[in-house]
There are 2 protein chains.
Amino acid sequence: MHKDIRGDDADSTESRGSRRKRQTREKLLQAAMELMAERGMDGVAINEITERADVGFGTFYNHFPSKEAIYAALIKQVFEDFADHIDARKQGMTDPAEILAFSIQMTLHKATTDVLWGKFLVRESMTPEALTRGLGQRLVRDVLTGVQQERFTSDDPVTSFIALSGTVIAGVMAQQMTLDANSPVHHLSSFIGGSLEGLPQRISKTALMSLGISPEQADAISSSVEDQL
Amino acid sequence: MHKDIRGDDADSTESRGSRRKRQTREKLLQAAMELMAERGMDGVAINEITERADVGFGTFYNHFPSKEAIYAALIKQVFEDFADHIDARKQGMTDPAEILAFSIQMTLHKATTDVLWGKFLVRESMTPEALTRGLGQRLVRDVLTGVQQERFTSDDPVTSFIALSGTVIAGVMAQQMTLDANSPVHHLSSFIGGSLEGLPQRISKTALMSLGISPEQADAISSSVEDQL
């Protein structure tokens, strides 16, 4: 599940010492992510991280110089490694609308299969770190490319980007709420009239429409991307 | 500034005792809002609220039976009283698109003039409380009315509602970030190319478009609403 945190499998020639060191680092990262996804960086103390990871307080400093440093490592994993993963998988796609739909659907799927990742994403999505790195930065790049190529007809790309980001994050939150049978989102969907099935595709369609893609095209692109996930 | 918290001016015949009691209640609410806007209900202890409000710990219980109760009172103020205020001001409007544009622009303006209110709104916007009460509930109502009257052409009102909510909240966050000269949002807007002026109108235009209103109409409605604020 938390492949992004644990990294690649260790080389089989890795020494016992370095394997233990790596495992401890991973435990610290996992503990910090759990705590910070709930309370943010400022709400978490280093001793809480070491307690949750079941390691001594001093051990923390063998791996990270500060709380800010472990937070930065988490941001890198959540926002950059996943964005790299998307970039690697989308090879061959050239249409900015298709690339955006693909990125959005992958993000929504990831947030469903890795709930902690999704929580962290929602919590940190509107921070300076997120806007200037990883997923946020790629989103800006893809929106700009589409506007420059006149694939997107939006005459206000700043607001389009704000709307697109907000739509994706709200989609991730709704997607997560659907996992909880008691969530008011079910009440909401039955009240509005409509299911919550297939949200990744539906969110990507709506996001494309906000950039000026026609409903028919947005629908076709989002369906074809779904098949490639 | 915090008129919603302090309530109406006291009746001049109010006794000294009841005035003091009311003032203490307001201080507790203000302190709880400041703390909970930063850390959420779970991250705040009652003694922190009483310390911030500069009253004794036991005094809290003369006003609220629990932390949940003061949180509920805040939710009522932020989400319900403001929604009532919008409802009162929009009298005479019948077009669901105009009503939505008006509500969105009022929300964005409120979040700029009362930063704490906006922070609390962002933090709590996707909670069960917000979705089923006050602003969220009115938003659902207005979207549904427009869909039923076929004013909005969206064939997926659930996703439209998610996108609309996300757009408004991201707009509030962007609007708040513009108040900070060092915010990366300025970097972002110059990178994308475009100013951050007049966001309330631009966000309401984009939100209407996500419901299937044409760009031209969405623009005209959002401009005319701006003049009525």
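The figures follow:
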{"item": "Sequence of B:Ser125, B:Ser223 once ranked by neighbouring C-beta atoms within 10 Å, starting from the fewest", "result": "B:Ser223, B:Ser125"}
{"item": "Shielding of B:191-202 by partner chains, average beta-carbon count, 10 Å", "result": "4"}
{"item": "Value of [θ]222 nm, deg cm²/dmol, for chain B, DSSP H segments ≥ 4, -39500 (n - 2.57) each, nearest 500", "result": "-21500 deg cm²/dmol"}
{"item": "Global form of the protein assembly as shown, assessed from the alpha-carbon gyration tensor, a/c cut-off 1.5", "result": "oblate"}
{"item": "Chain A: most fluctuating residue of A:Ala32, A:Ala53, A:Ala88 per GNM, C-alpha cutoff 10 Å", "result": "A:Ala88"}
{"item": "Fewest-first sequence of B:Tyr61, B:Tyr71 by Cβ atoms within 10 Å of each Cβ", "result": "B:Tyr61, B:Tyr71"}
{"item": "Backbone HN-Hα couplings from phi across the range A:69-86 [Karplus 6.51/-1.76/1.60, Hz, Gly and Pro as x]", "result": "5, 6, 4, 4, 5, 5, 4, 4, 5, 6, 9, 8, 4, 5, 5, 4, 4, 4"}
{"item": "Relative contact order (%) - criterion: Cα under 8 Å, at least six apart; region: the range B:17-115", "result": "20"}
{"item": "Shape call, the range B:74-226: gyration tensor on alpha carbons, a/c limit 1.5", "result": "oblate"}
{"item": "13 Å beta-carbon shell around A:Gly194, net charge (K/R +1, D/E -1)", "result": "-2"}
{"item": "Gain upon complete extension [A:Glu216, A:Leu179; 0.36 nm per residue less C-alpha separation]", "result": "10.4 nm"}
{"item": "10 Å Cβ neighbours from other chains, averaged over peptide B:173-180", "result": "3"}
{"item": "Radius 11 Å from Cβ of A:Ile213, net charge of other residues (Lys, Arg +1; Asp, Glu -1)", "result": "-2"}
{"item": "The range B:83-122-the range A:38-66 distance, computed between alpha-carbon centres (Å)", "result": "42"}
{"item": "In order through the range B:101-112: 3J(HN,Hα) via Karplus (6.51 cos²θ - 1.76 cosθ + 1.60), integer Hz, x for Gly, Pro", "result": "4, 5, 4, 5, 5, 5, 5, 5, 5, 4, 5, 7"}
{"item": "Chain B - percent relative contact order, Cα under 8 Å, separation 6 or more", "result": "20"}
{"item": "Fewest-first ranking of A:Glu68, B:Glu226, using other Cβ atoms within 10 Å as the exposure measure", "result": "A:Glu68, B:Glu226"}
{"item": "Note, ³J(HN,Hα) from phi for the range B:56-66, Karplus 6.51, -1.76, 1.60, rounded to Hz, x at Gly and Pro", "result": "x, 4, x, 4, 3, 6, 6, 10, 9, x, 6"}
{"item": "Value of relative contact order over the range B:106-229, rounded to a whole percent, pairs C-alpha under 8 Å and six or more apart", "result": "27"}
{"item": "Between 0 and 90°, nearest 10: helix A:16-39 axis offset from chain A longest Cα axis", "result": "50"}
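Rule-based calculations on the coordinates, nothing more; no lab input. Remember, predicted model here, so these are calculated numbers, not experimental data. Methodologically, a virtual Cβ is constructed for each residue, glycine included, from the backbone with ideal geometry; neighbour enumeration extends over all protein chains shown.
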